[in-house]
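One structure is given below, encoded as structure tokens.
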Amino acid sequence: KNSFQFYASEMNASVEEKLVLLEGMRSALDACPGQACQFQLLYQPKVDLRTGRLFGVEALIRWNHPEHGLISPLRFIGLAEESGLIVPLGEWVLRTACAQGQAWRDAGLPEVAISVNVSARQFEEKRLVERIDGALRDSGLPPRLLEVEVTESSLMRDLARAVDKMREIEAMGVALSIDDFGTGYSSLSALKSFPISRLKIDKSFVADLAHSRDDQAIAMAVISLGHKLDLRVIAEGVETEEQRDFLRANDCDEMQGYLYSRPVPPERIAELLAEQGT
Ligand code: C2E
Ligand code: CA
Ligand code: CA
Ligand code: CA
């Protein structure tokens, strides 16, 4: 509901407002990496529904604006995508997330997989694979600890090409997951040809899970489809015990959401990993 309002207001934003925002993003990105960088990544834990173990984190970008405070990605990722700025911004995200993952390893913490969101334009860009490879090499993070989240809709724009690119990413040893599953239309036959390891049930289906029979049916269908295709299934936006209990009872593998933790700074992830032990 929030994102709809955002898109509605983004469409209403004047060209001038967009230019100001875009210019702001450009100059903010110019200072990255570095002390004056206004972008920051928070990390949201992903936990195993059976064991309760924190096994992964999702990197989520924030813009720490000197005047406007913390700006949500819902307010600027669309424009970054539209303008192409998402490519260098996304590269900064990849590099920062990989470096962070390696820093946790260097600190001797238990291993944790890091997932990074890649938007449609970033996914289609021809040097994506090189950029991922560069971020891994420069950080020293093993590829098996990186996962790329792509939405169904970015894959469906050019299916044959998307499958080729996914295969290249898979060949590097990096995992792929489908984000916002169920919100786009992807043909089930396409899904079969994707070299992915995970489906993520969008939070719009999780919000009313305790009460809506429709959402329950959708969640159960995604879980069983995922399992039949040998994929793991994660639910995002889990806020209540009822939602978690339903997902667990219906054999969902993993969850992510405020119930366990909001997106948090890397120091907090280090604490959670240390508490958990090996
Ligand atoms: P997403 O990939 O679907 O990420 C899930 C969003 O749900 C995140 O919003 C997260 O903070 C929020 N969330 C997590 N748990 C809960 C919960 O229990 N309840 C509710 N109501 N919300 C929850 P966020 O961080 O504002 O990000 C919004 C979207 O912006 C993301 O949606 C993703 O599409 C995009 N995004 C964020 N970071 C990046 C990035 O680094 N690169 C790209 N390309 N896109 C990004
Ligand atoms: Ca995501
Ligand atoms: Ca989502
Ligand atoms: Ca998404």
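The values are calculated or read from the model by the stated rules, or taken from the named source; none is laboratory data. Computed from a predicted structure; not experimentally measured. All Cβ positions, glycine included, derive from the backbone under ideal geometry; neighbour counts span all protein chains shown. Surface areas here come from the heavy atoms of the whole protein model, side chains and all, with no ligands, DNA or RNA. Shrake-Rupley method; radii C 1.70, N 1.55, O 1.52, S 1.80 Å.
The single condition among (1) over 29 Å from VAL112 (Cα atoms); (2) among the acidic types (Asp, Glu); (3) assigned to a strand (DSSP E or B) that GLU67 does not satisfy is (3).
Scanning region 129-150 for residues that are under 19 Å from PRO33 (Cβ atoms), open to solvent by 20 Å² or more (accessible area, probe 1.4 Å) and not in a helix (DSSP H, G or I) turns up just one, GLY140.
The set of residues in region 94-121 being free of Cβ contacts under 8 Å to residues at least 60 places away in the same chain and either under 29 Å from GLY78 (Cβ atoms) or open to solvent by less than 10 Å² (accessible area, probe 1.4 Å) (or both) consists of LEU94, ALA97, CYS98, ALA99, GLY101, VAL116, VAL118, SER119, ALA120, ARG121.
The residues of region 219-278 that are polar (S, T, N, Q), within 28 Å of ALA103 (Cβ to Cβ) and in a loop (DSSP other than H, G, I, E, B), listed by number, are GLN256, SER261, THR278. Which condition from (1) open to solvent by 60 Å² or more (accessible area, probe 1.4 Å); (2) in contact with a strand residue (DSSP E or B) (Cβ under 8 Å, 6 or more places away or on another chain) is the one that GLU124 breaks? Evaluating GLU124 over (1) open to solvent by 60 Å² or more (accessible area, probe 1.4 Å); (2) in contact with a strand residue (DSSP E or B) (Cβ under 8 Å, 6 or more places away or on another chain) leaves (2) as the failure. So which residues in region 167-187 are of a type outside the set (Lys, Arg), surrounded by fewer than 20 Cβ atoms within 10 Å (Cβ to Cβ), over 20 Å from ASP253 (Cβ atoms) and more than 16 Å from ligand 4 (Cβ to nearest atom)? GLU168, ALA171, MET172, GLY173, SER187 - these are the residues of region 167-187 that are of a type outside the set (Lys, Arg), surrounded by fewer than 20 Cβ atoms within 10 Å (Cβ to Cβ), over 20 Å from ASP253 (Cβ atoms) and more than 16 Å from ligand 4 (Cβ to nearest atom).
Residues in region 138-161 that are touching a residue at least 24 places away in the same chain (Cβ under 8 Å) and away from ligand 4 (no atom under 16 Å from the Cβ): 12 in all. Out of curiosity, is LEU49 hydrophobic (A, V, I, L, M, F, W, C) and modelled with pLDDT under 95? Spelling it out, it is not the case that LEU49 is hydrophobic (A, V, I, L, M, F, W, C) and modelled with pLDDT under 95.
Within region 112-127, identify whether any single residue is within 22 Å of ARG53 (Cβ to Cβ), over 14 Å from the mean Cα position of the chain (by Cα), modelled with pLDDT of 95 or more and more than 16 Å from ligand 3 (Cβ to nearest atom), and answer yes or no. Yes; the residues of region 112-127 include at least one that is within 22 Å of ARG53 (Cβ to Cβ), over 14 Å from the mean Cα position of the chain (by Cα), modelled with pLDDT of 95 or more and more than 16 Å from ligand 3 (Cβ to nearest atom). The residues of region 6-30 that are at pLDDT below 65 and either more than 20 Å from ILE61 (Cα to Cα) or open to solvent by less than 50 Å² (accessible area, probe 1.4 Å) (or both), listed by number, are PHE6, ALA8, SER9, GLU10, MET11, ASN12.
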